[in-house]
1. Rounded to whole Hz and in sequence order, give me ³J(HN,Hα) for the range 79-87 from the Karplus expression 6.51 cos²θ - 1.76 cosθ + 1.60, θ = phi - 60°, writing x for Gly and Pro.
2. Among Thr111, Thr21, Thr138, which one shows the highest mean-square fluctuation when the chain is modelled as a Gaussian network with alpha-carbon springs under 10 Å?
3. Evaluate 2.2 N^0.38 Å with N set to the residue count of the chain, then give the Cα radius of gyration divided by it.
4. Hey, fewest Cβ within 10 Å first, where do Ser107, Ser32 land in order?
5. Rounding to the nearest 10 and keeping the result within 0 to 90°, find how far the Cα-based axis of helix 6-32 lies from the longest principal axis of the chain.
6. Could you work out the mean projected area of the convex hull around the alpha carbons of the range 96-154, in square nanometres to one decimal?
7. Under 15 Å from the Cβ of Pro120, count the other residues' Cβ atoms, weight Lys and Arg +1, Asp and Glu -1, and hand me the total.
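Bear in mind that the values in this text are calculations on the coordinates, not laboratory data. Computed from a predicted structure; not experimentally measured. Please note: Cβ atoms are built from the backbone with ideal geometry, for glycine as well, and neighbour counts cover all protein chains shown.
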Amino acid sequence: MPTLPHLDRAALVLAGVGAATGVALALVGVLSAAGPTAVAVPALPPASAVPAPAVAQPMADMGEAVRRPLFAEGRRPPPPKPVQPPPSTLVQPPDLQVVGIIAGTSSGVATGTDKRAQKPFRLRTGDALGEWQVEAITRTSLRLRHADQVQDYPLVTPPPLAPSPHPR
């Protein structure tokens, strides 16, 4: 009979000890398990407490379901009510004084003062000022638009200087 090397014997001994331990634990678990337990089942209600099945209604009592069957071929939902757009509210235009404009062929820049806020502004074509949009900047004016409202602001030119008196 062939002999196994020393390491193989140790592995076989460990495997045998592990198997024996597993079998022993399984037997202890089975033998110590409690017997079956009783489960309480609620009693069924008496037959008189159960409602009777619904009695079929005559077709004449069905009313709307008979006149407009749910899955009829020609049934369509009622037409939608027309939606009224909300009335446009007039938005107060800004109070601007335009003092400088640089206008190009498709865009431009306008500078000036917002009289209400007492602050300077610089706007380009397409910019927004509050609810107002810069629609166009020409050589002589700035045009703002809000919905269907349009407001033009002309370029303010300073008055000509009075000639100073010549000293004698």
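1. Taking θ as phi minus 60°, the curve returns x, x, 6, x, 8, 7, x, x, x Hz for the range 79-87.
2. So, out of Thr111, Thr21, Thr138, the one fluctuating most is Thr21.
3. Normalised Rg, Cα atoms only: 3.09.
4. Ranking Ser107, Ser32 by Cβ neighbours within 10 Å, fewest first, gives Ser32, Ser107.
5. So the inclination is approximately 90 degrees.
6. Projected over every direction and averaged, the Cα hull of the range 96-154 covers 3.6 nm².
7. That sum, taken over residues with Cβ under 15 Å, equals +2.
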